[in-house]
1. Calculate the translational D of the protein assembly as shown in whole µm² s⁻¹ from Stokes-Einstein, where the hydrodynamic radius comes from the Kirkwood formula applied to all Cα pairs, the temperature is 10 °C and the viscosity 1.306 mPa s.
2. Considering every Cα-Cα pair within the stretch B:87-304, what fraction, in whole percent, is farther apart than 20 Å?
3. Taking the highest mean first, how do the peptides A:57-64, B:85-92, B:40-47, A:302-309 order by number of other beta carbon atoms within 10 angstrom per residue?
4. For B:Thr84, put the label point 7 Å out on the Cα→Cβ axis and report which residues of the stretch A:267-298 keep their amide N under 13 Å from it.
5. I need the calculated FRET efficiency for the pair B:Arg99 and B:Phe60, taking r as the beta carbon distance and R₀ as 25 Å, to the nearest 0.05.
6. Partner chain Cβ atoms within 10 Å, averaged over the residues of B:165-172 - can you pull that number for me?
7. List, in order, the whole-Hz ³J(HN,Hα) value for each residue of the stretch A:261-274 obtained from phi through the Karplus relation with A = 6.51, B = -1.76, C = 1.60 and θ = phi - 60°; use x for Gly and Pro.
8. Based on DSSP H runs of at least 4 residues, each adding -39500 (n - 2.57), what is the mean residue ellipticity at 222 nm of chain A after dividing by all its residues, to the nearest 500 deg cm²/dmol?
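Please treat every number below as a calculation from the coordinates, not as lab data. If you're wondering where the values come from, they're calculated on a predicted model, not measured in any experiment. We place every Cβ from the backbone using ideal geometry, glycine too, and count neighbours over all the protein chains shown.
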Amino acid sequence: MSETTKFSAMNRRQFGLGALGLSALALGLSACGGGSSSSDGPKTLQLILSGDTNQGGAFAAAAAKYKEATGVTIEVVDVPSADIVTKLKNAATANDLPALARVTSIDSIWVNQLQDLRDIAESRNITADLLQESPDGTIPAIPSDLTAVGLFLNKSLFEKAGVTFPTEIDKTWTWDEFVQAITDVREKAGAKYGMVMDRSGHRVRAMMYEFGSNAFAKEGDKYTSDEQAVETLEYFNKLNDDATMPKSVWLSGEDGNAMFKSGQVAAYYSGSWQIADFNKNIKDFEWVSVPLPKQPLTATNLGGGFMVAFKDTGMDEEAKKFIDWFYDDANYTEFAKTGGYLPVKDLTIEYPFQQSAFEMYQKSIAANDAKGDNAIKRVVLEAYADVPFTGDPLREETVKMLSGSQDAKTTVDNIVKLYNGA
Amino acid sequence: MASTTKVPLPVPGEPLKARGVATKTTKRSTRDGRGTRISAPLTIVMWVVVLIYALPLIWFLLSSFKPGSELFSYPLSILPREWTFQAFIDAWDRVDFARYFLNTAIVAISTTVLTVFFSACTGYALAKYDNRGTRIFFVCILATTMLPTEVILNPTFSVIRDLGLYNSLAGIIVPSVLTATGVFMFRQFFLTVPDDLLHSARIDGASELAIFFRIMLPLAKPILFTLAIFSFQWRWNDYIWPLIVLNDPKWYTLQVALRSIVGAENIDWPILLGASVISILPLVLVFAIFQKYVLNADVSAGLKD
């Protein structure tokens, strides 16, 4: 019996048994998992969101309270923030959209499947500045939680250097005064850097508003630019000298939050979402929220999430009922308090911590004189663009400028081109 | 004379002996000297390498015991100034570990069992049933190692989706069952097992399956354990593929679930550190239990080639 013919020695029965075993195994495998299509009761609505547990579980708490009040279950699905865009895109193409979602960006793929929330926005008195009409006159999304760009100072360093800072919005400093102050702090108190700014187009846009630019507003159907945008970028370029600002944050993605927390930086240009983190994780020095510099305008940039309800999910009315309940004064106040969110309607909220910091943000939103539309409105508007742009052109082109490959004017021109879908 | 001859005899003998001892000791001492001269720098190099490997891990472990306010404080210190377990408590509250451990365990264990079984079968067939068919098949299997996983990610995904395995644990188990590495390990091992064993078993009337299960598989125990441990480790740490295949948070494996701690605007470092440390514990446990097999098997696996 030669080695080559051994195979036939395995008889048919054995082979059959083996094959049976294998297919049973495969069956068992495909049974474990799969079948995620929700066949729950008729009174369950899915709310897809991201980052809720990171923010104290405010949405989950609201959902639980709603269940108590009405008996309707809101199933909160917390998806990693990097995945929510893909998840909803897939859901839209598979015709499997949830009843509700809390999103930070609106996708042109599903923007036309959103319910009109105008009646709720009006009856619940949502701040009109935060609502963006769609081209056909509907209000497709209501902001659910607001954030604003703001400035944090390392108070201990400022006091050590004997440098003063403004605490009232109407007595705020100009960018020149601010840069002078942080330079003094750096030299006198031995800070490593004057300031850090997050690597984000959203932050640079706030700076542009302060310089009086409209920060690439849409005029007609084209995005435009102005002189002040160039001026802002030139100013920003000058700040990135590895003394006033470290180059590593914008060029190699170093974490500005971590640098500020190290106590080595005098000022941090970021936003209201940092308050909860700083409250918990800064113990070595004192920090404070101060008004943003102006040059010449007092301005900030708004951000945050939107509450949306999808059409034709079989739960259209129930979804709207939840949203209506959510924006009720008492319910919304509790939500904002739990999550540390700035309110989207005129409410006085007693936050469990850092009340003065939150008040500073609320005042700066009220005093916002920015020329262009804030990010909250832009996000909705951009979803209806014929040629949607991808990524964050403002950030990417600014990085190119900082690395020395183009000047401020070219940067602005490139940004406009990219926004217009070139 | 005799005395004179006797006397001088031990005299040359003694120095001889003494010389012998001396030469022996000098030999040993030179060997030792050369030994330490060579081994000292090697040992130092070893410790440097150990340090290079261990430092990030130690820093990571110690950081998980630091309160959030200390993580970025300047100057950095390796040892926490204030020890706290808060990060672990918060992480345990925040992440539904029970569910994710279960999902990951299902994936890791079933994949490991299947991988070991199929690799053993395939490796055995390739080693012992030598004909043109199996040789072509072996080349085909080897060819799969020539394409990086990232390259075949897309086609694999299409196959998984069309099989209806998208968003299910089976979708991560099935594609990872057959690894060329495992097949190769088993084939190389079974090649070293003498064919005489096969022949005598056949003469005794054993069927082919009995030979495989009762003679060959027990022989291959070291390889079996090595592959099992590696496979378990690969599946436990797998990130990209589960990330692509799983869509519903309730099927997430641990590594994918940890991602939700990374927020859009900032990262909750203390919780991320705590959760990461918890996530590696089962793997450490598996390694602690099967350690001797890993080390043993590695040595013999190295000799087999």
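1. 52 µm²/s
2. Tail of the P(r) past 20 Å holds 65 percent of the pairs.
3. Ranked by mean Cβ neighbours within 10 Å, highest first: A:302-309, A:57-64, B:85-92, B:40-47.
4. Output list for this probe position: A:277-284.
5. 0.55
6. 5
7. Those phi angles translate into 5, 6, x, 9, 10, 6, 9, 9, 8, 9, x, 4, 5, 7 Hz.
8. Dividing the helical sum by the residues of chain A leaves -12500 deg cm²/dmol.
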